[in-house]
1. Among the residues of the range B:167-202, write down those that are within 7 Å of chain A (Cβ to nearest Cβ) and out of contact with any strand residue (DSSP E or B) (no Cβ under 8 Å at 6 or more places or on another chain).
2. Checking the condition more than 9 Å from chain B (Cβ to nearest Cβ) and either surrounded by fewer than 19 Cβ atoms within 10 Å (Cβ to Cβ) or free of Cβ contacts under 8 Å to residues at least 40 places away in the same chain (or both), which residue from A:77, A:4 passes?
3. Taking the range A:223-279, which residues are assigned to a strand (DSSP E or B) and more than 7 Å from every other protein chain (Cβ to nearest Cβ)?
4. Any idea how many residues of the range B:145-166 are at the interface with chain A (Cβ under 7 Å from one of its Cβ atoms) and crowded, with 18+ Cβ neighbours inside 10 Å?
5. For the range A:100-114, check the following and say yes or no: at least one residue is assigned by TED's automatic domain parsing to the domain that holds residue A:87, without any contact (Cβ under 8 Å) to a residue 40 or more places away in the chain and touching a helix residue (DSSP H, G or I) at 6+ places or on another chain (Cβ under 7 Å).
6. More than 21 Å from the chain's Cα centre (by Cα), surrounded by fewer than 24 Cβ atoms within 10 Å (Cβ to Cβ) and touching a residue at least 60 places away in the same chain (Cβ under 8 Å): is that true of residue A:192 in this structure?
7. Taking the range A:416-439 on its own, how many of its residues are at pLDDT below 80 and surrounded by fewer than 10 Cβ atoms within 10 Å (Cβ to Cβ)?
8. So in the range B:33-53, with the set limited to residues that are under 14 Å from residue A:261 (Cα atoms) and either free of Cβ contacts under 8 Å to residues at least 24 places away in the same chain or buried (at least 18 other Cβ atoms within 10 Å of the Cβ) (or both), which one is nearest to the other protein chains (Cβ to nearest Cβ)?
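The values are calculated or read from the model by the stated rules, or taken from the named source; none is laboratory data. Treat the numbers as computed from the prediction; the structure is a model and nothing was measured. Counting neighbours? That spans all protein chains shown, and the Cβs are built from the backbone with ideal geometry, glycine included.
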């Protein structure tokens with residue numbers, strides 16, 4: 001049986017495959033242009049940024065309490081959530097306590113991870129995505145297929161149909177018109193909302209500032225109109241100081257979309273003050289673990305450096321063919337192939353096929369702004385699946401080979417016996433995988449076993465040459 | 001045990017087996033300034049160049065600004081009360097209100113606010129609550145006019161971060177609001193301004 005991801009990819013329509021392939025190739029090119037146009041040595045920057053984030057995750061025991069203290073000093077209420085359930089419940093509790101009914105959300109991957117919208121709706125709260133892509137995902141009851149551009153798998157006709165269906169605007173395929181319809185529809189929602197929810201791209205342990213990177217202006221709106229601000233922050237999002245933001249900000253937008261900076265880079269340090277009467281009255285921040293400390297304890301902790309730029313998705317030959325939904329998780333692509341099985345925790349076996357959905361070409365490592373050795377991590381996870389004896393579809397049985405390869409005498413015998421293949425009528429096998437192979441290929445003459453005698457002869461000759 | 005302690009204990013347990021912790025790399029080896037900025041160049045010229053690359057428009061005279069706004073059929077807008085005298089030059093064809101009325105947000109076609117500064121290297125405008133009179137005034141109208149003085153210009157991102165103030169809300173704005181969510185096609189004016197203007201105050 002084929003690998004799950006291949007099964008999925010085969011079912012994709014040409015329309016989706018083209019959308020994903022074109023958009024991701026385009027972003028890969030913009031990334032290269034932006035980095036090499038602007039810097040002498042972008043690779044040195046990636047390496048430095050990787051060292052910086054590795055330093056952070058290996059010192060989270062220092063930085064987390066430091067960040068907490070800085071946040072509290074800024075008047076931010078800090079909460080901790082061990083898992084998705086607790087994180088959702090914490091948000092709900094904050095809303096109930098503050099008499100809130102309506103939430104506007106700016107784009108945050110961690111809220112997707114904990115399935116916040118679904119939870120809040122179940123508990124009678126209105127929760128609306130305001131990032132255009134996420135908004136379309138929400139009205140279509142779909143899932144994002146890319147970390148940065150959630151509807152990379154949809155085209156303008158599909159979006160126009162959804163807008164017509166939902167009564168957001170008359171059918172129109174022009175992207176400018178679609179965007180204007182969403183702008184008009186959502187404008188009113190910001191003013192009616194009680195809560196603005198955001199994530200955080202970075203959190204400075206020194207100052208307790210969270211940094212948000214967006215392009216549309218929706219996160220600014222979420223903090224301009226509503227009276228309560230809630231921020232969801234994965235525990236790995238920390239940087240030591242404000243100064244450390246320089247290199248990461250320079251790399252993030254260039255890696256993601258080829259921009260120098262995202263249009264909006266927001267630095268938020270609490271709610272409004274008597275002297276600064278603009279913005280929300282209160283700011284709440286929820287630190288989320290949800291499997292991250294397990295990842296930190298694993299041999300794949302480097303994946304926690306990730307700053308969610310999506311460059312590894314865009315460049316990945318597997319992602320481009322399979323699209324994001326093939327990864328069956330919030331984080332698709334190469335980063336998802338590492339992170340999703342780890343965050344699945346006890347459900348690791350369900351996701352253990354993902355690390356195999358890679359040719360290990362190394363492109364993801366080359367483009368990573370924090371230099372995560374993704375191919376190495378994929379190998380470590382394949383190894384873990386093997387050690388835990390997890391069966392995944394699409395793997396040929398390797399036990400006979402393992403037996404052969406670890407018993408020299410059996411190997412030697414097999415190599416000699418292999419000569420028999422030259423005399424077998426292999427090409428006349430009537431069907432099955434052998435036939436599929438031999439219709440377009442000849443079986444070469446058997447050459448197995450000759451290496452051992454060759455090296456033996458060579459060593460012998462060497463020794464005789466060395467003798468005076 | 002509280003969730004806080006559970007998480008922090010898990011973090012400690014996860015890190016305990018590490019023989020040593022990775023050190024902070026420091027920045028001695030590498031200069032983190034892009035080729036978009038040259039120290040020889042005048043800051044305003046440098047800013048203007050990079051600002052126009054991100055589709056920002058800059059104006060230095062009231063006449064030009066007024067003509068542009070009229071060409072966009074703008075009539076009514078919001079203006080920072082501290083700037084009304086300066087922008088009286090736009091009257092009487094253009095009028096503005098000095099308090100952002102949420103019920104009239106769709107009627108305002110432009111907003112005039114003060115920027116705290118601007119970053120030449122990236123063409124970014126900096127807004128802080130201390131100097132920006134209204135977050136909505138700078139965000140909701142289709143055209144936003146941010147006013148800077150020459151003395152407010154900053155050369156690079158590292159300098160801007162080293163001078164970052166204590167304000168609860170600081171935002172760097174690098175061009176008009178935009179999205180490329182639909183087929184990767186760039187559309188300006190997503191939720192925020194579709195036209196971002198920088199006006200150099202005399």
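1. Residues satisfying the conditions are B:181, B:182, B:183, B:184, B:185, B:191.
2. Values: A:4 fails: either surrounded by fewer than 19 Cβ atoms within 10 Å (Cβ to Cβ) or free of Cβ contacts under 8 Å to residues at least 40 places away in the same chain (or both).
Selected residue: A:77, the only one of A:77, A:4 that is more than 9 Å from chain B (Cβ to nearest Cβ) and either surrounded by fewer than 19 Cβ atoms within 10 Å (Cβ to Cβ) or free of Cβ contacts under 8 Å to residues at least 40 places away in the same chain (or both).
3. Across the range A:223-279, the qualifying residues are A:228, A:229, A:230, A:231, A:232, A:233, A:234, A:238, A:239.
4. 4
5. No.
6. yes
7. Here the count works out to 7.
8. So the residue we want is B:34.
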